[in-house]
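Worksheet: the structure to be examined is printed underneath.
The values are calculated or read from the model by the stated rules, or taken from the named source; none is laboratory data. All values reported here derive from a predicted model rather than from experimental measurement. In this analysis, Cβ positions are derived from the backbone assuming ideal geometry, glycine residues included, and neighbour counts consider all displayed protein chains.
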Amino acid sequence: MSYVLCLHRWVGSQALYDRYELPAGMMIRAICTPESLASLPSERLASSSTLASLDDAGAVMAEVERLVERHGAPALVVALNEGDLLNAASIRERWAVPGDVVAWTERFRDKLTMLEIAGRQTSISVLPAVAADSREAVEQLAAEHGYPLVLKPRYGTASRGVKILRGPGDLDQLQQAVEPMMVQVYCAAPILHVDGWWDGQRIVVVTASRYVNSCADFGPDSPLGSIELEEGEDEQRIARHVEQLLATFAPGREIVFHLELFDRGDELLFLEIGARVGGAEIPFLWREVRDIDLLGIAWELQTGASTRYRDLARSRSNEGRPLHRERGAWVIARRGSSPGDGLGTLYWAQPQDLERSASGVYEGARTRLRLRSFDGPALVHDVGKVFEQLTESWSIQS
């Protein structure tokens, strides 16, 4: 029987596999982790293989070889999590499976490749960067732009391994790298994330949100939050610039996207882009607040099994904006903490007695809150109040 090979690492219900259409006569064979096994759809599952980590590309490929030997090559390969996109592309290339290949995928995974492509357009500015394996190039970058600089993995996720180089003495860290790294000019401007679906010609639906703190600051004593921008000229300005950027990255190709930008007010600067759905609470807010399933669209783009979720998204949007005008926000923190009283926009909080281990940095957060309201200032107020409550709670614990 033909099958869809699915690389799956989420513990929760980000992807609703039991609802998504499968090509006729096909079942799913999944490669997952022990923690993510329980979130797979049992009725559609022909088999599952568990690995300690899907980050081990060699182990993933070895398991695919075993599956191919027993069941033949998969008809399709699906990976919805950012960390699995390159493995999925490598599998497609090796066994001649249709779908996105490595060269295409790397433009959305290798941050230096992203910068080179982003530099082909002029709507959004690009910060200079160099590969970290040339100390001479890094020293030249510092001579031209000064310190601080940012050292980060070229294929990193969730700001893992990002460090600030504050002076020449920090350049010794370049020699400690165990994976491909890059060094980029530092920018202290607020960070936006822009999420949606591009159909190859235009943005069908998009939202823009502003981070509270930044992903790089997320740590044991620093929560991370995000608030969607209110409808208006600022949001429209961002969308216009983003549409030109997407025309450079994916001309004639459909993608769901998660884009991060620095916002200097009169100028947007490119940070990074992913051809995948954003992390943390983003897929849940899209589904729960505006009834658009971006992961359902991503599934359709990788399987070609239906257009249901794209059709629904078109019917729930107009000129790139969701028809439903309510806005969402979220807060996550590594420490556990119950939300306080007086949060009128809070609609979901992760139970504090939940015992589970997640492979992702954000999914593993012990505090996860989702908020929604038609009143933008109320969202801003409540997210600020959550940050105050977390700071007060943690100071008492310390």
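Out of the residues in the stretch 314-328 that are assigned to a strand (DSSP E or B) and in contact with a helix residue (DSSP H, G or I) (Cβ under 7 Å, 6 or more places away or on another chain), state the one that is nearest to Asp293 (Cα to Cα).
Pro322
Can you name the residue in the stretch 325-347 that is touching a residue at least 60 places away in the same chain (Cβ under 8 Å) and in contact with a strand residue (DSSP E or B) (Cβ under 6 Å, 6 or more places away or on another chain) and, of all such residues, is farthest from Ser393 (Cα to Cα)?
Per the stated criteria, the residue is Arg327.
Would you point out the residue of the stretch 38-89, among those that are among the acidic types (Asp, Glu) and in contact with a strand residue (DSSP E or B) (Cβ under 8 Å, 6 or more places away or on another chain), that is surrounded by the fewest Cβ atoms within 10 Å (Cβ to Cβ)?
Glu63
Are there strands (runs of 3 or more DSSP E) fully within the stretch 135-244 with at least 2 residues that are within 16 Å of the chain's Cα centre (by Cα)? List them.
191-198, 203-212, 224-228
Just the residues that are surrounded by fewer than 18 Cβ atoms within 10 Å (Cβ to Cβ) and either modelled with pLDDT under 95 or not in a helix (DSSP H, G or I) (or both), please, taken from the stretch 273-304.
Those that are surrounded by fewer than 18 Cβ atoms within 10 Å (Cβ to Cβ) and either modelled with pLDDT under 95 or not in a helix (DSSP H, G or I) (or both): Asp291, Gly304.
Restricting attention to the stretch 330-348, and to residues there that are at pLDDT 85 or above and over 20 Å from Cys215 (Cα atoms), which single residue is nearest to the chain's Cα centre (by Cα)?
My answer is Trp348.
How many of the residues making up the stretch 223-246 are of a type in the set (Gly, Ala, Ser) and free of Cβ contacts under 8 Å to residues at least 60 places away in the same chain?
Matching residues across the stretch 223-246 total 1.
Is it the case that some residue within the stretch 193-210 is among the basic types (Lys, Arg), surrounded by 15 or more Cβ atoms within 10 Å (Cβ to Cβ), in the same structural domain as Thr307 (by TED's automatic domain parsing) and closer than 28 Å to Asp291 by Cα?
Yes, the stretch 193-210 contains at least one residue that is among the basic types (Lys, Arg), surrounded by 15 or more Cβ atoms within 10 Å (Cβ to Cβ), in the same structural domain as Thr307 (by TED's automatic domain parsing) and closer than 28 Å to Asp291 by Cα.
Picking from Ile91, Ile31, which residue would you name as being in a helix (DSSP H, G or I), more than 23 Å from Phe270 (Cβ to Cβ) and in the same structural domain as Leu7 (by TED's automatic domain parsing)?
After applying the criteria, what remains is Ile91.
Could you list all residues from the stretch 34-88 that are of a type in the set (D, E, K, R) and not in a helix (DSSP H, G or I)?
Hits for the stretch 34-88 are Glu35, Asp55, Asp56.
Determine the pairs where a residue that is in the same structural domain as Ser13 (by TED's automatic domain parsing) and farther than 22 Å from Leu7 by Cα, located within the stretch 291-317, has a partner that is buried (at least 17 other Cβ atoms within 10 Å of the Cβ) and of a type outside the set (Gly, Ala, Ser) with Cβ atoms under 9 Å apart, the partner being 6 or more residues away or on another chain.
none
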